[in-house]
Amino acid sequence: MHMTDRGLVTLARHEGIVPGPYRDSTGTWTFGIGHTAAAGPPDPALMPRGMPDDLDAGIREVFRIFRTDLARYEADVRRAVTVPLASHEFDALVSFHYNTGGIAKAALTRHLNAGDRVAAADAFLNWRKPASIIPRREAERDLFRHGRYPSGTIPVWSVDRTGRVDFSRPIRRLTENRALALLRPAKPEPSSNAPTGWVARLVAFFSTLIRRD
């Protein structure tokens with residue numbers, strides 16, 4: 001089981017996007033959506049500093065690394081939870097675990113494995129510090145209980161070459177549709193060597209003659 005695309009967008013909305021290496025609150029070099037060297041390559045400390053020249057390409061790279069990092073959190077949830085899950089329940093649990101790292105020891109997991117989904121949903125709010133995290137816990141609880149995905153855009157924050165993020169105002173706000181488009185691999189550009197127009201028709205005509213021979 002994996003997060004749905006909508007679950008990925010929801011988690012990105014909670015976290016926000018910084019498309020360049022930055023120092024988090026502990027001074028650790030971080031990239032994108034909470035990626036650090038502890039999660040595996042690339043090492044943010046060794047990445048080019050500052051904002052990417054092509055912001056869309058930079059956000060695609062953020063999402064690519066994000067998907068790779070999520071595999072570990074998804075595996076942790078699958079290992080900790082012993083009952084079948086709906087996709088929206090799994091999305092909520094991975095979001096919770098990505099933020100807290102507590103899926104294996106959380107009371108909500110014990111309640112869920114015991115078959116009490118109401119108590120499990122209520123137990124999301126056990127993890128409510130700092131106070132600024134409460135709206136996220138409430139959103140995760142509502143997603144788990146009701147399948148209600150939160151709405152809103154995903155903020156993209158700028159970062160300078162020293163790793164300082166400017167949280168005063170997002171440089172872009174991604175809609176869900178735009179985020180989903182950037183989550184998917186970019187389509188390769190058509191080859192410039194491919195025949196077009198009358199040349200393509202001529203090639204097709206001679207190909208037909210050759211097949212008839």
Revision key, fill the gap. Eigenvalues of the alpha-carbon gyration tensor of segment 5-187, times 5 and square-rooted, give semi-axes in Å, largest first, of 29, 17, 16
Practice item. Could you look at the chain and say what percent of its accessible area is carbon and sulfur, using a 1.4 Å probe and all protein chains? Key: 54
Exercise for review: Please identify which residues in segment 96-116 have an amide N closer than 11 Å to a label point set 7 Å out from the Cα of Arg79, following the Cα→Cβ vector.
Suggested key: 104
Check your understanding: In segment 21-66, which trypsin sites (Lys or Arg not before Pro) are in a loop and have at most 16 other Cβ atoms within 10 Å, using DSSP for the loop call?
Key -> Arg49
Exercise for review: Work out the length of the dipole vector of segment 5-187 about its Cα centre, built from +1 on the beta-carbon of each Lys and Arg and -1 on the beta-carbon of each Asp and Glu, and round it to the nearest 20 debye.
Suggested key: 160
Check your understanding: What angle, in degrees between 0 and 90 and rounded to the nearest 10, separates the Cα long axis of helix 55-80 from the longest principal axis of the Cα atoms of the chain?
Key -> 50
Point to revise | Solvent-accessible area per residue, Å², over segment 119-186 with all protein chains present [probe radius 1.4 Å] | key: 58
Check your understanding: Quick one: Karplus J couplings for segment 3-10, per residue in order, coefficients 6.51, -1.76, 1.60, θ = phi - 60°, nearest Hz, x for Gly and Pro?
Key -> 4, 6, 4, 5, x, 4, 5, 4
Review point. Once amide H atoms are built 1.01 Å from N in the peptide plane, which residues 5 or more positions from Gly20, or in another chain, come under 5 Å H to H?
Key: Gly32
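The values are calculated or read from the model by the stated rules, or taken from the named source; none is laboratory data. These numbers come from a predicted model, not from an experiment. Heads up, the Cβs are rebuilt from the backbone with ideal geometry, glycines too, and the neighbour counts pull from every protein chain shown. Accessible surface areas use protein heavy atoms only, side chains included; no ligands, DNA or RNA. Shrake-Rupley method; radii C 1.70, N 1.55, O 1.52, S 1.80 Å.
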